[in-house]
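The values are calculated or read from the model by the stated rules, or taken from the named source; none is laboratory data. No experiment lies behind these values; they were computed from the predicted model shown. Here Cβ is always computed from backbone atoms with ideal geometry, including for glycine, and neighbour counts include all displayed protein chains.
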Amino acid sequence: VHHYVNQSSGFFLVVGPTGSGKTTTLNAILNQRDRLHEIIYSIEDPIEYKIDFVTQYQINEASGFTFVEGMKSIMRQDPDVIVIGEMRDKESILTGLKAAHSGHMVFSTLHTPNSFMAMERIRDEGGDLFILAYSLSGVIAQRLVPKLCTCKQPSFAQEGQAFFNSLSTGYEKTGCIKCNFTGYYGRALLLDMVFIPGDMKVRYQFYLALKNSTVFKAWEHFITFSYFQSAQYLFDNGICDHITLSSELLSLGYVHET
């Protein structure tokens, strides 16, 4: 991850449903940049976190400070990094792509359930597929899932072991005062990560896949860490139970992975 988020130019997205912690992850990514020696601007609506050494603009439609005006102001400063709080419409998506293509590193969030659908959304909004193919650095898709409380106990059920093809049978909830007898306490990240290598031949093939609507097949080759692999890690390490994880995976269209 560190390599792809520290490039001098590119387009990096964090995607997921509402309440999945996208902004928190975006801030964690920014913490990996050399903020002391880079010029970093953000445009947000609203500003959710104060970030040290980042100049943050808040959109205010009532006073005439629109997204367009904010981006014009930011581009005049010749920043190294631009953060767009959320790409909510065609205008913000196209502007973000253009900024990445002009040599800036652009980070943003998008409301889609997985990384593949982020590509479809950008394409549907009229994003330049050539610019997307040659600018995209990576996509992290995420959602939050209930984490087992420390009162958990080893599970003897075989369903999880079979679902994940695991040596472990995992853990199951019990319940205590700490978790209010629910068996769950806190939340864990379920991740799907895709990184696009800089090789121009690879990017050209990616462009052709986008252009010919075969992006799903091409996308599979770039998945570095799938939702299934993430769920397997959470299961094997006793962080989440089989019921929670299998339910999430089934909602994402997984049946099993070979």
Only one of (1) surrounded by fewer than 18 Cβ atoms within 10 Å (Cβ to Cβ); (2) under 22 Å from GLY138 (Cβ atoms) is not met by ASN60, so which one is it? (2)
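Quick one: is ALA141 under 25 Å from the mean Cα position of the chain (by Cα), under 27 Å from MET87 (Cα atoms) and crowded, with 19+ Cβ neighbours inside 10 Å?
yes
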Given the condition at pLDDT 90 or above, of a type outside the set (Asp, Glu) and closer than 23 Å to MET119 by Cβ, answer yes or no: does some residue in segment 230-241 qualify? yes
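Yes/no per residue for (1) at pLDDT 90 or above; (2) under 18 Å from the mean Cα position of the chain (by Cα):
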position	(1), (2)
ASN165	no, no
GLY170	yes, no
LYS173	yes, no
CYS176	yes, no
CYS179	yes, no
ARG187	yes, yes
LEU191	yes, yes
GLN205	no, no
GLU220	no, yes
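Hey, among ALA157, ALA162, which residue is farther than 26 Å from ILE140 by Cβ and touching a residue at least 24 places away in the same chain (Cβ under 8 Å)?
Within the list ALA157, ALA162, the selection yields ALA157.
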Tally, over segment 21-52, of residues that are surrounded by 13 or more Cβ atoms within 10 Å (Cβ to Cβ) and in contact with a His (Cβ under 9 Å, 6 or more places away or on another chain): 1
Mind listing whichever residues of segment 94-113 are of a type outside the set (Ser, Thr, Tyr), surrounded by fewer than 23 Cβ atoms within 10 Å (Cβ to Cβ) and over 15 Å from GLY10 (Cβ atoms)? LEU94, HIS111, PRO113
Residues (of a type in the set (Asp, Glu), surrounded by 16 or more Cβ atoms within 10 Å (Cβ to Cβ) and farther than 18 Å from GLY16 by Cα) located in segment 218-254: ASP241
Checked SER73, SER92 against criteria (touching an Asp or Glu at 6+ places or on another chain (Cβ under 8 Å) and either small (Gly, Ala, Ser) or more than 24 Å from ASN212 (Cα to Cα) (or both)); the one match is SER92
Is there a residue being under 19 Å from the mean Cα position of the chain (by Cα), in contact (Cβ under 8 Å) with a residue 12 or more places away in the chain, in a strand (DSSP E or B) and at negative phi anywhere in segment 243-253? no
Any hit, segment 106-127, residues being within 25 Å of GLN56 (Cβ to Cβ) and in contact with a His (Cβ under 8 Å, 6 or more places away or on another chain): no
